[in-house]
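Reviewing the structure listed below.
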Amino acid sequence: MCLEATPPPSRSLTRRGVLAGAAALAGTVAASGTAAAAASSTGAARGDGTPGGGDLVIRGGTLLDPATGEVTENAVVVIEGGTVRAAGREGTVTVPQGVTALDADGHWVLPGLVDAHIHLSTAAEARDAVRKGATSARSGSTTFYQDIAVRELARHSPELAPRLTAAGVFVTPDLGDTVLADPDLTPLARLKEGVRSAEALRRVVEVNLSRGADVIKTRVNERAGLPEQDPLAQVYSYEQLAEIVAAARRRGKGVLCHSYSERGCHDAVTAGIRSLEHGAFVGERTLAEMRRRGTYFTPTLTAIAGLAESTNPVLAERGRTYLPVLKRAVLAAHELGVPLAAGTDSSGGTVRPIGREVELMRAAGLPALDAIRTATTGAARLLGVERTVGRLARGFAGDAILVAGDPLNDVTLLKQPTRVVRAGLAL
């Protein structure tokens, strides 16, 4: 059955709806009496709706620059209006008078981490992600465009949410209740075969982008986290994936693709996706193609490790089987030069620390610095924010974490930051 060739909703209407959603999320947080009140007293959340950002000096710690591996002892980081103005050894940096100082003595200071695959549907989840060290993130999709509202919330009240690249709703054969996310999606509910035709695939992509999505999320295999599904079963062909990629590219956007089987991974990569998600059984030929194309690999080791801890015997066995295979794939990708990005695939109200993904990258065989890069400079490049995220250098975002020791010797420290700074606001 075909769909009427109706135009997507206007961007101006979408903007109002998104901002209304962001206001609702912000109201939820404010009503709960959390950090919103404290942040507003510093001028972070301004009444005129302009983005917030604080002034802060971090001093006395050991600064790690993931880009170069350089370590600076007794460092000073000066943040003004949420942006780093200077960073270096004490005595080489001019410190403004009257600015709040955060004592980092005895700690290591790193840029805020990036979770390149997370599902944030509520204000509480967004706040939790920040406090666990993910000051920037990329959405893995939401059911009703909550991630777009979270993105707007972060722009106006950065202490409440990570800087977010939003994916909108999932491009998947069975949209389920997501057909209610937008009136222009409801005609898809009558398609007996689901979202599979070229026209239907384009419709979901176009509605997503008109609603303000930054990237498009799709799948090539079924889910590993549902015991009734077979993660190696393929749901979209190469031709269907190529249709999704082409529709996104026409608007200058990339595609991330949920995948497990080698055939599915290869079809997705050759169709032109920007990043391969999960990819437990990705093979050498596909990894070589990824290196050639510059396709990113976001393995979400944390999610697969979580399956192994499930009380469901099917999921537990799946996790125990997939995790060592995925670790080998991660190491092979790293050795081949395939770019890696850290992502937890947190969802359903449970936000896992992005430091756990770094820990598993290290356990897969990556050197500590390279494992840290997957959650800083590497993930920042995937998100297209490498000029502002992933380092604490002049002009970069004033996002930082403090950890109680040397993460180059023990990356597990990243799982429990002692302090988090978001846009110059110490949380």
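For the chain, give the share of DSSP beta bridges that are antiparallel, in percent and rounded to the nearest 5; count only bridges with both residues there. So the antiparallel bridges amount to about 50 percent of the total. Measuring with a 1.4 angstrom probe and ignoring ligands and nucleic acids, R85 comes out at about 100 Å² accessible. Packing order of peptides 96-109, 292-305, highest average first: 292-305, 96-109 (average count of other Cβ atoms within 10 Å over each peptide's residues). Exposure check, 1.4 Å probe, all protein chains in place: S310 carries approximately 40 Å² of accessible surface. Over the chain, the reciprocal of the mean inverse Cα-Cα separation, the Kirkwood hydrodynamic radius, stands at 21.8 Å.
Between A271, T72, G60, the Cα set farthest toward the positive side of the dipole of the chain (charges on each charged residue's Cβ, about the Cα centre) is that of A271.
In whole angstrom, how far apart do the alpha carbon centroids of region 99-133 and region 339-390 sit? Spelled out, the Cα-based centre of one part sits 13 Å from the other.
Remark: region 78-159 projects, on average over all directions, an area of 6.6 nm² (convex hull of Cα atoms).
Per atom type, region 114-155 shows carbon and sulfur on 52% of its accessible surface, probed at 1.4 Å.
Whole number in Å², please: accessible area per residue of the chain, 1.4 Å probe, ligands, DNA and RNA not counted.
Per residue, the chain has 39 Å² of solvent-accessible surface.
Under the simplified labelling scheme, the R250-A189 pair shows an inter-label distance of 2.6 nm, with each label point 7 Å from Cα along Cα→Cβ. On region 221-294, 44 percent of the accessible area sits on carbon and sulfur atoms, based on a 1.4 Å probe.
The dipole here belongs to the chain: it is taken about the Cα centre, uses +1 on the Cβ of Lys and Arg and -1 on the Cβ of Asp and Glu, and is about 760 debye. Scanning the chain for long hydrophobic helices, with DSSP H runs required to stretch 24 angstrom or more by C-alpha along their axis and to average at least 0.0 on the Kyte-Doolittle scale, returns 11-31, 313-336. Ordering 159-165, 265-271, 219-225 by mean Cβ neighbour count within 10 Å, with the highest value first, yields 159-165, 265-271, 219-225.
Each helix, a run of at least 4 DSSP H residues, gives -39500 (n - 2.57); summed and divided by the residues of the chain, these come to -10500 deg cm²/dmol at 222 nm.
The values are calculated or read from the model by the stated rules, or taken from the named source; none is laboratory data. These figures come from a predicted structure and were not determined experimentally. Backbone-built Cβ (ideal geometry, glycine too); neighbour counts: all protein chains shown. Accessible surface is based on the protein model in full, side chains and every heavy atom, while ligands, DNA and RNA are left aside. Shrake-Rupley method; radii C 1.70, N 1.55, O 1.52, S 1.80 Å.
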